[in-house]
Amino acid sequence: MSNSPVQAVRGMNDILPDEAGLWLWFEEVMRDWLGSYGYRNIRMPLLEPTALFKRAIGEVTDIVEKEMYSFEDSLNGDQLTLRPEGTASCVRAALQHNLLYNAPQRLWYAGPMFRHERPQKGRYRQFHQVGVEALGFAGPDIDAEQIVMCARLWRKLGLRDVALQINTLGDAAARQRHREKLIAYFEQHREALDADAQRRLHSNPLRILDSKNPAMQALVEGAPKLMDELEAEALAHFDAVQSILRRHDIAFKINPRLVRGLDYYNRTVFEWVTTRLGAQGTICAGGRFDGLIGQIGGKPAPACGFAMGIERLLALLQEDGMQSPPAAPDVYLAHQGETADVLAGTVAEALRDAGLKVVLHCGGGSFKAQMKKADSSGAACAVIIGDDEAAASAATLKPLRGGAQQLVALADLAQQIFCLKN
Ligand code: ATP
Ligand code: MG
């Protein structure tokens, strides 16, 4: 057996304490923001039956064809998959527990997703999403609200340079007509199709428009437009979304080639894109999926949602110079001597009761060594308890960023520390 240290799975990152502070801060902002729109949290398992994703996302998609971590449960032979996205699980949970029985639901979740992609900046095999789903809503108002909502988050985060692209995929009949025209068009240009496109020509020609292959771009550019097939109702829905966005002063670009990588979308689709993350520029994407609930066995109901990639969002913020808020304690408590050691534990608890962040020195050693630790902890002050202080029911309070130390009665200690902090 090898003796070298075990490494993490490729493309699956540790988020170390120095960076985790930024995650914690973001998660707090995110929860406030979601609450302010009345969305409620839902938590689903990371593992689902493979069939769920095949049915929900579509068999002929990048995710289902080549990105899923699927395996057979060796104990009972079940086919399982680590979730590659959250919408399918969220809808499954809502149906399984009858959440849509008599009310629509605004739901959100956050957590890791798994896709077997080539790892690179902004693209990992375990990554994190915040997902937002409005289940049971038909009108353009909710599509627009979700976009307005994103814009608010960007403002809250101080994010600049994210541009909104929108499109409509219309309804089933229009897509069918468009599909036939696309097949005819691509068949005429068979020799120019790459292997992926050849394979999808009949199974899912719309996906060809989503191709990232530069050699295919000109061909894709000239393809028949879905916009030309849209029914009046879908067009009116799209117009209404646009007028709400204008009312909220949200700039957008209509991108007729925006089709999204998952099959379940219809009507409104949108992406928030930046040019600052290279090819991994989409930080948030979503749209309407009126067919999905019925497709996975529920009573058909309209729905709309989006998901954002947390790694990409935080990478943008870091590029803007945002750093983890410092996680330093208020107090480092040094102690030495038999009585002092016992008292220190009680004092630390009392200071925490008062609302302070306290690191109690553990592991003994000289005061000199303990004070070194106090300095490098980043604490605002050290509290020092020796047996002399213990005998006097007091502690020495030493500011670590300048200022004289003083002997403070234990009863006044918390208050004195708060004075130092402010
Ligand atoms: P892309 O075109 O970049 O592969 P996608 O269309 O597959 O994205 P979605 O399924 O819409 O992505 O997921 C929503 C968001 O999740 C993306 O916009 C992105 O910010 C993030 N995301 C998707 N895949 C990854 C990944 N492998 N690593 C990091 N973030 C990701
Ligand atoms: Mg992808």
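General observations
- Some residue of region 27-39 being within 16 Å of ligand 1 (Cβ to nearest atom), within 19 Å of P112 (Cα to Cα) and without any contact (Cβ under 8 Å) to a residue 40 or more places away in the chain: no
- The requirement of being on the phi < 0 side of the Ramachandran plot, open to solvent by less than 60 Å² (accessible area, probe 1.4 Å), in contact with a Cys (Cβ under 7 Å, 6 or more places away or on another chain) and part of a loop (DSSP other than H, G, I, E, B) is fulfilled nowhere in region 30-41; no residue meets it.
- Among the helices (runs of 4 or more DSSP H) confined to region 201-275, the ones with at least 1 residues that are more than 16 Å from ligand 2 (Cβ to nearest atom), open to solvent by 30 Å² or more (accessible area, probe 1.4 Å) and among the small types (G, A, S) are located at 217-221, 232-247.
- Residues in region 63-117 that are assigned to a loop (DSSP other than H, G, I, E, B) and of a type in the set (S, T, Y) were compared, and the one that is nearest to ligand 2 (Cβ to nearest atom) is S74.
- Within region 338-355, tally of residues that are of a type in the set (G, A, S) and crowded, with 17+ Cβ neighbours inside 10 Å: 3
- Lone qualifier among G297, G321 - being more than 25 Å from I57 (Cα to Cα), at pLDDT below 95, surrounded by fewer than 19 Cβ atoms within 10 Å (Cβ to Cβ) and of a type in the set (G, A, S): G321
Results for (1) more than 16 Å from ligand 1 (Cβ to nearest atom); (2) open to solvent by 40 Å² or more (accessible area, probe 1.4 Å), shown as yes or no for each residue.
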site	(1), (2)
R83	no, no
L100	yes, yes
Y109	no, no
R118	no, yes
Y124	no, yes
V148	yes, no
L157	no, no
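- Matching residues in region 356-375 - criterion: being open to solvent by 20 Å² or more (accessible area, probe 1.4 Å) and touching a residue at least 40 places away in the same chain (Cβ under 8 Å): K373
The values are calculated or read from the model by the stated rules, or taken from the named source; none is laboratory data. The shown structure was predicted, so the numbers you read here are calculated from the model rather than taken from an experiment. Quick reminder, even Gly has a Cβ in these numbers, built from the backbone with ideal geometry, and neighbours come from all protein chains shown. The protein model used for the area step is the full one, side chains on, heavy atoms only, and it has no ligands, DNA or RNA in it. Shrake-Rupley method; radii C 1.70, N 1.55, O 1.52, S 1.80 Å.
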